[in-house]
Every structure is written in C-alpha cells, then in structure tokens.
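Structure first, commentary second.
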Amino acid sequence: MSLQQRDKQHLWHPLTQHKIHPDALPIVKAEGALLYDDKGKEYIDGIASWYTAMYGHCNPFILERVSKQMQTLDQIVFAGFTHEPAIELSEKLIEILPDNQEKIFFSDNGSTANEVGIKMALQYHFNKGEKRNTIIAFEDGFHGDTFGAMSASGLSVYNGPFEDFFIDVKRIPTPNKDNFDEVLKSLRHIISTNKVAAFIYEPLVQGANAMHMFEAKYLDRILEICKENTIITIADEVMTGFGKTGKNFASEYMSTQPDIISMSKALTAGFVPMAVTSCTQEIYDAFLDDSVGKAFFHAHTYSANPIACSVAIAGIDLLSSENIQEKISMIIKSHQEFDDRIKEHPRIKTTRRKGVIYALDLDIEMDRYGKKRYEIFDHFMQNGVCLRPLGKTIYILPPYVITKQELDKVYQTIEQLLNQL
Ligand SMILES: *Cc1c(COP(=O)(O)O)cnc(C)c1O
C-alpha cells in the first residue's frame, strides 16, 4: 500500500473536509529550506512549515544540541523540580524579550500559550479582589483553537458549533488612518460599559487573517489607553516572534510594552512543540500570597520538557548569530526588490511586507478554501514551491536559511502564476 492509502485508513487531518479534500502529500525528508516527497520531488518550503522551521529543517547545530540533551535528561515533572535547560532558556528569553518581561511560564502550543495569558489576566484581577470578565480582541484576529483562544479569535467562520460556549469577548477593528478615531471611540465605549480584564492582539501582523498588517503608532495608542485603565495587554507573538518582523519581537516597534507575551512556533524551530507565556514582575507578584488559592493552578504534563528547552536555546543562539541576522537582511532586501518589480502587475490588488513576511492580494474573486485556491496551490507545488494561499492572498515567510537562488525561484513561480491568471 502507498503512504497515501495507508494515511486514509486511520488518519483525520486538521482543517480538512475529508469528503472533498485531495489526498495529503507524503513528505519523507526535509533539509534546510527544502522538503522532499515520497517520489523524490523537492519543494522549497516558502512558509517554513507554518513559520516554525525558521533556521532550516533538521538544522545540524540544533540536532547536535538536542541529541546531547536526549541522552542526559529526557523529562522531569516541572512542579517541584527544575533543570538547567529551563533555567538557561528563561535567561536567554528574558535577554531578548522587551525589557519589562521578567517571568517565563511553559505550555505546549500557541493556543495554550494564549489560554495561559488569558487565565493569568483574569486571575490577576480576581486576586486583587476585582471581578473583570470581558476580553477585548481585534476583529479577524487568530489566537488558536482551544476554547479561550478560540473565543478571542475573530476569524469565526469555523467556530459555529461552539459560539454558545465562548468567554465574553468584545471586538474592535484593526486600526488604520481612516478608521482610527472610530476604533478609539469604540474601545473607550467598551471600556466604559464592561469590566474589561484584558486586551489580546497580534502585534502588527495578523498571520491567519491573510497577513493583514497595521501601523505601530495606532497600536501604541490603543495599548496606552489599556494601560490607563488597568487592562492587561497580551501580545500574541506566536507568529511574529523570533525575528520575523525584522526585530526579535514585533512588540519592539511600539513604545508601550505588553504585560504578557505568548510565543510558540519558531520558539522550537520546527523540532518539537512547546510554548511560553512571559509576563512582568507585577503580574507575577499578584499571585504571591500566604494562601495557596492565589497561585496559578495551570499545568501541562510536558511543561518545560528539557529536550524542547534545549531546542529553544539552540534556536535563540542561531537567531542572535551574525549569519542568521545577515540572512534576515538579505530576505528583507530581496522582498523589497521583488515588490518594486511586481506591485504594479494588473493581477495584483495590493502588496505588503514586514521583515521577512511578504504578502500580495490577487485582484480576483475567490473563496478561502475554494477550487481556485487549490489550482493556485497546485501551480506552486508542480513548480517545486510550497506556498499555501490564504484565499486570494499569496504570502511568503521563508526560513531564514533560504538561499538567494531558492528565494528567486519562489518569486519567479509567483510571477509565472500572475502572468497565467
Ligand atoms: C498559530 C497561531 C496560534 C495557535 O498556535 P497553535 O500552536 O497552532 O495552537 C495562535 N496565535 C497565532 C498568532 C498563531 O499564528
């Protein structure tokens, strides 16, 4: 039996309507920016496997660190025990995170990192004797698929069966120069008519919302207003974290820093799942008390798994290296040149970029998961480029290790598509 036939016997894939979806493509090997399927065909991973494998697949530097760790300490309960990889990782994270971040809490994925952030914010107020139960979030934001994170996600097309069970979330549009006054008015109205605990947001780039971008100065003002009202600000940097916007964290573009930051995806470089929620000393202190009841009773069995921590440490070492920083600059410059060349193309409506993220909207009508979307996806795959269109948006978010030659091939394949449409 082929891998595809065996896949269909017992597997249920995410985000997939199995009645109509084409068979899943078996990938048997990955190295650097390349993926290889079971027939030996190679593909450039233009989206770094959902923005995780930023230092390249099976990165040898990380592999060496992990294999050492695997032979030394594999797993230990993180309640009541500690270990060097977690300690070293916390030190390295605090060094690269915005200055106000002081404490590191572990979980397993982006959704749980946000779940933890939301729970921290709710309990922060609770511990101070205040019941605040409303969360503010952007329309069309995405924060994950567990209940709290899903409630905060505005991309609700697929949330129908669960909406009755959501926590209380009020939404504001993402700001731009035309709607900014409206957004502030709406924000102030929500604050004055609800007991708002927290504001959760993706800073500057909304990944799942087709790489929608907005300006730092507007977000800065929103964050200021939240601070003035003791609303805990939670930056969801699950996608934007670890260099993608051209700085280690997108929050660095603002002058008002968040109280809580959630991160995952590139944190563990595509090797293993792990997530971190960081927070300020002030948040942490609100949980200190002689009574156990004020503590944060949230745990995942694999919290701070030593192997995952060793991956994350190696990842941060790479991120901070001259080599990777030069590659990031190369990608930013190449995106700019590509944009200058194609942005006036008649099939393009708009383009946008931030750091290594580049996105363009096609000037055609199509559904997010419709037939045309699959045709465009097929065009890329046949040409050996793995890009996943989000509706009419085509975006590139390449691993930092991509070569100039590989990147040029990604651009060429997009230009071919534009000329064929
Ligand atoms: C991917 C993503 C999540 C969810 O992370 P999972 O690991 O898939 O649970 C949350 N927020 C943002 C911004 C993301 O990009």
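FRET efficiency for residue 23 and residue 415, Cβ-Cβ distance as r, R0 = 25 Å, nearest 0.05? Please list the in-between numbers first.
Details: r = 29 Å, r/R0 = 1.16.
In this case the efficiency is close to 0.30.
Express the carbon and sulfur contribution to the solvent-accessible surface of the chain as a percent, rounded to the nearest whole number, probe 1.4 angstrom.
Values: 10260 of 19880 Å².
Here it works out to 52 percent.
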Seminar exercise, completed: The Cα extents of segment 231-304 along the principal axes, largest first and rounded to whole Å, are 43, 33, 15
Seminar exercise, completed: So for segment 9-153, using the alpha carbon gyration tensor with a ≥ b ≥ c as root eigenvalues (a/c under 1.5 gives rounded; past that, a/b versus b/c decides prolate or oblate), I'd call it oblate
Exercise. For the residue pair residue 130 and residue 87, what label-to-label distance in nm results when each label sits 7 Å from Cα along the Cα-to-beta-carbon direction?
Worked result: 3.7 nm
Problem set entry | Residues of segment 109-142 with amide N under 20 Å of a point placed 7 Å along Cα→Cβ from residue 289 | 116-134
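Any chance you could run the full-extension gain for residue 298 through residue 329? It's 0.36 nm times the residue separation minus the Cα-Cα distance, nm to one decimal. Please list the in-between numbers first.
Working: separation 31, 0.36 × 31 = 11.16 nm, distance 3.95 nm.
Value of the extension gain: 7.2 nm.
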Problem set entry | Relative contact order for segment 73-319, counting Cα pairs under 8 Å that sit 6 or more residues apart, in percent | 30 percent
Problem set entry | Cα centroid of segment 106-164 to Cα centroid of segment 171-243, whole Å | 14 Å
For this session: Just reorder 158, 124 by solvent-accessible area, largest first, 1.4 Å probe, all chains present.
Result: 158, 124
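On average over all directions, what projected area in square nanometres does segment 73-319 have, based on the convex hull of its Cα atoms?
It is 13.4 nm².
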For this session: List the equivalent ellipsoid semi-axes of segment 294-417 in whole Å, largest first, each obtained as the square root of 5λ for an eigenvalue λ of the Cα gyration tensor.
Result: 33, 21, 14
Seminar exercise, completed: Between the modelled labels at residue 64 and residue 363 (7 Å from Cα along Cα→Cβ) the distance in nm is 5.2 nm
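Which length gain, in nm to one decimal place, applies between residue 336 and residue 230 when the Cα-Cα distance is subtracted from 0.36 nm times their residue separation? Please report the intermediate quantities before stating the final value.
Numbers: separation 106, 0.36 × 106 = 38.16 nm, distance 3.97 nm.
Length gained between residue 336 and residue 230: 34.2 nm.
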For this session: Mind checking the per residue accessible area of the chain for me, 1.4 Å probe, whole number of Å²?
Result: 47 Å²
Problem set entry | Exposure of residue 288 as accessible area (Å², to 10), given a probe of 1.4 Å and all protein chains | 100 Å²
Exercise. Packing-wise, with mean Cβ within 10 Å as the measure, how do 371-380, 8-17, 68-77 rank, highest first?
Worked result: 371-380, 68-77, 8-17
Seminar exercise, completed: One finds, for residue 162 and residue 255 with R0 = 30 angstrom and r their Cβ-Cβ distance, a FRET efficiency to the nearest 0.05 of 0.20
Exercise. Taking a point 7 angstrom from the Cα of residue 217 along the C-beta vector, which residues in segment 227-267 have backbone N less than 16 Å away?
Worked result: 253-256
Problem set entry | Rg over Rh [alpha-carbon atoms, Kirkwood Rh] for the chain | 0.96
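The values are calculated or read from the model by the stated rules, or taken from the named source; none is laboratory data. Only a predicted model underlies this, so the values are computations on that prediction, with no experimental measurement involved. Ideal geometry is used to build each Cβ from the backbone, glycine not excepted, and the neighbour counts take in all protein chains shown. Surface areas here come from the heavy atoms of the whole protein model, side chains and all, with no ligands, DNA or RNA. Shrake-Rupley method; radii C 1.70, N 1.55, O 1.52, S 1.80 Å.
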